[in-house]
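Structure first, commentary second.
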Amino acid sequence: MIGAPTNDDEQCLRALARQLREGKLVVKLFLRYLLHAKRYLLQQPQIYSAPIPVNPQPSGDQTVVNNKSGVFSFRLPEGWSQQAITLPMFGDTVAFGSSDHAVQGIIDVFVNSTQAGNFHGVGEFIGAVDAKQLAREPLDGLVSPMTTQILANIRNESVQVIDQPQAHTFGGQNSGQITFTNLGYIAVPHSEKQLLVGVVLSNDTNADKEVMAGILETIHIPSESGGTIPATAVPAASQTVRSSDQRVSLIIPGDWVALDHIADQTILAHGDSAAAQTRLYSAKPGLAPQTAISGNGGLIILYPMSQFDIDPQNPDLSVLMRRALGNLQGYTVEQTAQTLDGKALVAVIVGTERGYLALLPFGDQIVYVTAMGTQASFSANQAMLLDIVKSVHVPAVIAGNGLGGLEATPVATSAGLGGL
């Protein structure tokens, strides 16, 4: 089509428009006669222009959201939710969405590395790439490699690229690249000193395309004046840990460690700092040095149901739970076993430590799970420890089914209560 601007032309035109709006450029034209102008509207069945319209804006009232350090800001429709999160390779990062559920969906996908299948509404994260990850070269040279890396990490049979990466100027201010997929947009804008990544998702991209594009157009580097993310909204990052043989997975805080011996000893210990080692020693003294119980942590031990004559088709774990609780040495039952998610059972026990002991049925396997804290720390960490119990899955949750995060899943490293 004659007269269609190239990407470079578009950037120049946007810069010219911005200078006109800011009053930096004034055009004066002196003519002998009045001008007569016409506008012609053409329709075409296919759209060949950039996937984002020129400077779309979210409709209605908007809220300015600044990240904690003022590196960037963006605008959200009134009433949307937002939350600061922590991601590897990134500095300040903000997750937001059309509802609390959408925000949690973003956290599940990019922090917990779970599936995007249950995602509803519009959700996004925007983060500043950690300066330590950037090479000593102009940031415009890193935009394309960053886009390629993100696409390589998330592309699979459920994620298809609809519009290939192309140059784009966000809000007429910051250059970068944008890519449109069947789940939403991937944006990589930059300034002279900052490189951002924005990923916006929707379960209905056709209906939400304009809203998603409009939010991306409001990104400012550095931030404009406005609200900030409350400091209390910053949660600890999480990681999905999978055993080396992919038999089991669980979600634990990002600064915890996992000692994986599932393949040879059917046991995995997890915890903060030395807590994993202390739990491992309590069950398998030969696998860890002797240390006193400390911190928050626990165990996962796999058993075949056949060892206890339990029917996999109708697993009744009540007798086995009574046996496990009756065999406790140095512990008492604080809360009797309760049903958890159907057929699983979980009890609260207390001794040198305090926390959860659970039996979970998966196929023909029984998973013995503990998630414990010290007497002093249990109350403050009770919800987190129960979430760890609920996150256990056999076999391991498969990485990359849907969007699965921005980097490889953390690998468990090799290296009380002793199981059934």
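The values are calculated or read from the model by the stated rules, or taken from the named source; none is laboratory data. Everything numeric here is computed off the predicted structure, so don't read it as measured data. Cβ sites come from the backbone with ideal geometry, for glycine too, and all protein chains shown count toward neighbours.
Looking at the stretch 309-328, which of its residues are among the hydrophobic types (A, V, I, L, M, F, W, C), assigned to a loop (DSSP other than H, G, I, E, B) and within 21 Å of residue 348 (Cβ to Cβ)? Answer for the stretch 309-328, where residues must be among the hydrophobic types (A, V, I, L, M, F, W, C), assigned to a loop (DSSP other than H, G, I, E, B) and within 21 Å of residue 348 (Cβ to Cβ): 317, 328.
Among the residues here, residue 134 does not qualify as modelled with pLDDT of 80 or more and either in contact with a Ser or Thr (Cβ under 9 Å, 6 or more places away or on another chain) or under 20 Å from residue 221 (Cβ atoms) (or both). Annotation: residue 223 fulfils all but one of (1) at pLDDT 80 or above; (2) not in a loop (DSSP other than H, G, I, E, B); the unmet one is (2).
Whenever a residue of the stretch 267-284 is under 17 Å from residue 238 (Cβ atoms) and outside any strand (DSSP E or B), its partners that are modelled with pLDDT under 85 and among the hydroxyl-bearing types (Ser, Thr, Tyr), lying with C-beta atoms within less than 7 angstrom and at least six residues away or across chains, give the pairs 275/294.
Is it true that some residue in the stretch 260-271 is modelled with pLDDT under 85 and of a type in the set (Gly, Ala, Ser)? No - not one qualifying residue is present in the stretch 260-271.
Looking only at residues in the stretch 329-355 that are among the charged types (D, E, K, R) and in a loop (DSSP other than H, G, I, E, B), the one that is surrounded by the most Cβ atoms within 10 Å (Cβ to Cβ) is 353. Looking across the stretch 307-336, the residues that are small (Gly, Ala, Ser) and within 24 Å of residue 250 (Cα to Cα) come down to 318, 324.
The rows are residues; the columns are (1) modelled with pLDDT under 65; (2) surrounded by fewer than 16 Cβ atoms within 10 Å (Cβ to Cβ); (3) touching a strand residue (DSSP E or B) at 6+ places or on another chain (Cβ under 6 Å); (4) part of a loop (DSSP other than H, G, I, E, B).
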| position | (1), (2), (3), (4) |
| --- | --- |
| 15 | no, yes, no, no |
| 29 | no, yes, no, yes |
| 38 | yes, yes, no, yes |
| 53 | yes, yes, no, yes |
| 82 | no, no, yes, no |
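Using the structure shown, decide if residue 371 is farther than 24 Å from residue 258 by Cα, in a strand (DSSP E or B), in contact with a helix residue (DSSP H, G or I) (Cβ under 6 Å, 6 or more places away or on another chain) and assigned by TED's automatic domain parsing to the domain that holds residue 252. The answer is no for residue 371.
Take the residues in the stretch 276-293 that are farther than 16 Å from residue 251 by Cα and hydrophobic (A, V, I, L, M, F, W, C); name whichever of them is surrounded by the most Cβ atoms within 10 Å (Cβ to Cβ).
To start, the set of residues in the stretch 276-293 that are farther than 16 Å from residue 251 by Cα comprises 277-293.
Subsequent filtering for residues that are hydrophobic (A, V, I, L, M, F, W, C) retains 280, 283, 287-288, 292-293.
On the way: 280: 27, 283: 20, 287: 17, 288: 20, 292: 9, 293: 19.
Checked the stretch 276-293; the qualifying residue surrounded by the most Cβ atoms within 10 Å (Cβ to Cβ) is 280.
Does residue 326 meet the test of being within 26 Å of residue 263 (Cα to Cα) and either buried (at least 20 other Cβ atoms within 10 Å of the Cβ) or more than 26 Å from the chain's Cα centre (by Cα) (or both)? If you could, list the steps in order and put the result at the bottom.
Numbers: within 26 Å of residue 263 (Cα to Cα): no; either buried (at least 20 other Cβ atoms within 10 Å of the Cβ) or more than 26 Å from the chain's Cα centre (by Cα) (or both): yes.
The answer is no for residue 326.
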